Amino acid sequence: MPSKAVQSDVSSRAFLRVQDGLNDLHAALSLYKSSEGQLTDYSFRLTFTNSNSKGVLMAQHVPSERSETDERVSGPSTLDVSRRTFLAGTAIAGAALGLRPAAAQNVAEQENPAELVDLKLRVNGVTRSLRLEPRVSLLDALREHLGLTGTKKGCNQGACGACTVHVNGARINSCLALAIMHQQDDITTIEGLAQGEALHPMQQAFIDHEGLQCGYCTPGQIMSGVACVREGHAQSDAQTREWMSGNVCRCGCYNGIVEAVRSVREAQG
Ligand code: FES
Ligand code: FES
């Protein structure tokens, strides 16, 4: 059945690549339906960027069931950026196109954990074993499966920086990364910064310079600040503000945050 092909494709073939760079967000969805109105194939491509990261998320398909005569319907969307939102949006799009209910149902079924995989993540120097759906984000793996709730979920779509962690020393938005793609990497979360009872200098600086109020954005700010100094992108307050602009603080503690980052950079010479 063509609809089954769609189902298996959606569930197991999502890839996320995170790199340094840019700022923009585009999503494009292509749906194919047969002359009988049955959903036969789809493809989805999301490109995102902010001050911290750039990436491409693609839900790929196996072009086996679609015939040349199938109609293609495509339309850009800039809202359906989370994986689950995308899947829900796909189901809605299917209904709007008059596709058979079974086709939309197949997409909705992707939210069930039908395909679990064993994987290992090295987090804060400790290798942890997990059994997850391939589509679980690194953020959800950390928070929901490893209990490392210091990393926060804000927007869940790469816009706020609350979920910032380090992967091999580089900062990324963990909400936009798939856990399964980081099995070979060293992942550091806010829980891994302190050395026993001794806070990391950036943690102490945020306290000393009152770089927080409610504290929700703070783990992400601190992880980003550590990386910003390490990258050499904290040479001036203006540069710090630019290179940490992907970390949003709804309490408006930016002055304290910049002072904290400056103090660490000056202490390091
Ligand atoms: S939760 Fe990841 S960027 Fe907002
Ligand atoms: S301290 Fe409240 S959002 Fe930053």
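The values are calculated or read from the model by the stated rules, or taken from the named source; none is laboratory data. Here the structure is a predicted model, which is why all the values come from computation and not from measurement. Cβ sites come from the backbone with ideal geometry, for glycine too, and all protein chains shown count toward neighbours.
Here are the numbers for the structure shown:
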read-out	value
Subset tally (residues that are within 13 Å of ligand 1 (Cβ to nearest atom), crowded, with 24+ Cβ neighbours inside 10 Å and not in a strand (DSSP E or B)) for region 155-182	8
Near pairs, Cβ below 7 angstrom, 6+ apart or cross-chain, from region 191-216 (exposed (fewer than 13 other Cβ atoms within 10 Å of the Cβ)) to any residue that is at pLDDT 95 or above	ALA194/HIS200; ALA194/GLN203; CYS214/CYS251
GLN213 touching a Leu at 6+ places or on another chain (Cβ under 8 Å) and either assigned to a helix (DSSP H, G or I) or not assigned by TED's automatic domain parsing to the domain that holds CYS155 (or both)	no
Residue in region 193-202 that is within 16 Å of ligand 2 (Cβ to nearest atom) and either at pLDDT 95 or above or under 28 Å from LYS120 (Cβ atoms) (or both) present	yes
Only listed residue being of a type outside the set (A, V, I, L, M), more than 19 Å from VAL261 (Cβ to Cβ) and within 16 Å of ligand 2 (Cβ to nearest atom), chosen from CYS155, CYS160	CYS155
Selection count where residues are surrounded by 20 or more Cβ atoms within 10 Å (Cβ to Cβ) and within 25 Å of the chain's Cα centre (by Cα), scope region 230-257	9
Single match in ILE207, ILE222 (criterion: aliphatic (A, V, I, L, M), touching a helix residue (DSSP H, G or I) at 6+ places or on another chain (Cβ under 7 Å) and outside any strand (DSSP E or B))	ILE222
Long-range neighbours under 7 Å by Cβ, at least six apart or interchain, first residue more than 17 Å from THR164 (Cα to Cα) within region 229-254, second of a type outside the set (A, V, I, L, M, F, W, C) and assigned to a loop (DSSP other than H, G, I, E, B)	GLN239/HIS233; CYS251/GLN213; CYS253/GLY211; CYS253/GLN213
